[in-house]
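Scroll down for the structure; my scribbles are underneath it.
The values are calculated or read from the model by the stated rules, or taken from the named source; none is laboratory data. Computed from a predicted model, the values in this text were never measured in an experiment. A quick note on method: Cβ atoms are made from the backbone with ideal geometry, for glycine too, and the neighbour counts reach across all protein chains shown.
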Amino acid sequence: MKIFFAFLAFVIVTMQYQLWLGEDSIRALNLLEVDLEAQRQGNAELIERNRLVEIEVLDLKNGLEAVEERARSELGMIREGEVFYLIVD
């Protein structure tokens with residue numbers, strides 16, 4: 001009977017080790033949950049960025065104001081009859 005209880009204790013200790021410290025343990029699960037939350041946060045940021053880019057694309061396709069604004073800011077273009085002033089610090 002002592003051998004049976006020793007074997008049973010060994011099995012319980014082994015299972016507890018697997019549960020708390022093993023490869024598929026609760027600790028590993030908690031680390032995966034942290035990684036999952038970080039990935040979800042990154043996905044949310046990318047979804048928001050994609051939404052803003054989609055809005056900008058639609059604006060560029062439909063309106064000339066966005067095209068004109070982009071030409072002015074990125075290419076330094078001015079309209080005919082306008083005067084360009086460059087202020088240097």
Exercise for the section: With the condition kept exactly as written, say whether any residue in region 26-39 is modelled with pLDDT under 85, surrounded by 10 or more Cβ atoms within 10 Å (Cβ to Cβ) and over 31 Å from the mean Cα position of the chain (by Cα). Expected result: no
Fill in the blank from the handout: Result of the Cβ filter at 9 Å on region 25-51, keeping first residues that are under 30 Å from M15 (Cα atoms) and partners that are in a helix (DSSP H, G or I), at least 6 apart or interchain, is S25/Y17; S25/Q18; S25/L19; I26/L19; I26/W20; R27/W20; R27/L21
Handout entry: Residues of region 52-65 satisfying the condition of being surrounded by 10 or more Cβ atoms within 10 Å (Cβ to Cβ) and among the charged types (D, E, K, R)
Key = E54, E56, D59, E65
Handout entry: Count of region 1-25 residues which are at pLDDT 90 or above and touching a helix residue (DSSP H, G or I) at 6+ places or on another chain (Cβ under 9 Å)
Key = 0
Practice task
Scan region 30-83 for residues that are under 30 Å from L19 (Cα atoms) and either of a type in the set (D, E, K, R) or outside any helix (DSSP H, G or I) (or both) and jot them down.
Solution key: E33, D35, E37, R40
